[in-house]
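Read the figures in this text as sums done on the coordinates, not as results from a lab. All figures in this text were calculated on a predicted structure; none of them were measured in a lab. Because the Cβ atoms are built from the backbone with ideal geometry, glycine has one as well, and the counts that use them run over all protein chains shown.
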Amino acid sequence: MLIYIVEDEASIRELESYALEKSGYDVQCFEEPKTFYDALKVRTPDLILLDIMLPGDDGLTVLQKLRDDRSTEKIPVIIISAKTTELDRVKGLDLGADDYMCKPFSVMEMVSRVKARLRGVRDKSSGIMCYNGIMMSEDTRTVTAGDMSVELTYKEYELLKMFLKEPRIVLRRDDILNRIWGQESTGRTLDVHIRTLRGKLGEYGKYIKTVRNVGYKLDKDE
């Protein structure tokens, strides 16, 4: 899933971005609203982290514009701001923010709140799962890698779905075989399917990592 961060302080922007990328999300950062507005025209994010004190339009103005536009009105927005009074928090929430965090903030709590909001998005988004450019729609049983449509067999699809449901988690070989093939196959079959799946995903196939003597996981490059 894609997250946009709108934050003018480089240190905070980098901290948020690093924590979210380590949690498996695609992240794009903006230090001012103008470039953020331009990016919205190209691609719609699944969630936005928004500062209030920004150059140009302030965060509340940005939020109001998001909520007034039908194409962006339902994107979850979490405000992360140094404005910490009760009045500030109430104003942000009343304007349509889905959550409000005060600086300084806990990185672990920030990631947890993002995950909670995105669980709601995934539940409402026709079974769509994403990881670092790989997207699967369970409703239509389609897969894309970047801009490329990927044609998968039934077993390849189920294998990729296992990885997308648990990114960054090591899946043991025996567990994968039992869940997808039952007792009808061997480790050799799994290895062949992994190799074929990597090939079909093109440059995105590199994210399926081999964990020696254990199994496989879907993860970004170290």
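Tabulated results
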| quantity | calculated |
| --- | --- |
| Point-charge dipole on Cβ atoms (K/R +1, D/E -1) for the chain, about Cα centre, debye to 20 | 1020 |
| Stokes-Einstein D for the stretch 152-218, Kirkwood Rh over Cα pairs, 25 °C, 0.890 mPa s (µm²/s) | 208 |
| Rounded, prolate or oblate (a/c below 1.5 giving rounded, otherwise prolate when a/b exceeds b/c) for the stretch 2-124 by Cα gyration tensor | rounded |
| In the stretch 56-119, GluC sites (Glu not before Pro) in a DSSP loop with at most 12 other beta-carbon atoms within 10 Å | E73 |
| 25 Å Cα-Cα reach of K41 towards lysines, excluding residues that sit fewer than 8 places from it in its own chain | K65, K74, K115, K124 |
| Trypsin sites (Lys or Arg not before Pro) restricted to the stretch 54-86 and DSSP loop, no more than 16 other C-beta within 10 Å | R70, K74 |
| Unit charges at the beta carbon, dipole of the stretch 2-124: most positive-side option, L118, S23, M101 | L118 |
| Magnitude of the charge dipole, the stretch 179-219, Cβ model with Lys/Arg +1 and Asp/Glu -1, debye to 20 | 100 |
| Hull-based mean projected area of the chain, where the convex hull spans the alpha carbons, in square nanometres | 13.1 |
| Ranked list, fewest to most other Cβ atoms within 10 Å of each Cβ, for C130, C102, C29 | C102, C29, C130 |
| Computed magnitude of the charge dipole of the stretch 2-124 (debye, nearest 20; Cβ of K, R +1, Cβ of D, E -1) | 520 |
| Summed residue charge, Cβ within 11 Å of I52's Cβ, Lys/Arg positive, Asp/Glu negative | -2 |
| Net lengthening on full extension, E109/S23 (0.36 nm per residue, minus Cα-Cα) | 29.7 nm |
| Mean separation of Cα contacts under 8 Å (6+ apart) over length of the stretch 102-217, as relative contact order % | 20 |
| Distance in nm between pseudo-label sites at V170 and K41 (7 Å out along the Cβ direction from Cα) | 4.8 |
| Surrounding net charge for T153, when Lys and Arg each add one and Asp and Glu each subtract one, Cβ distance under 12 Å | 0 |
| Span per principal axis, largest first, for the Cα atoms of the stretch 47-107 (Å) | 32, 23, 19 |
| Ranked list, fewest to most other Cβ atoms within 10 Å of each Cβ, for V6, V114, V211 | V211, V114, V6 |
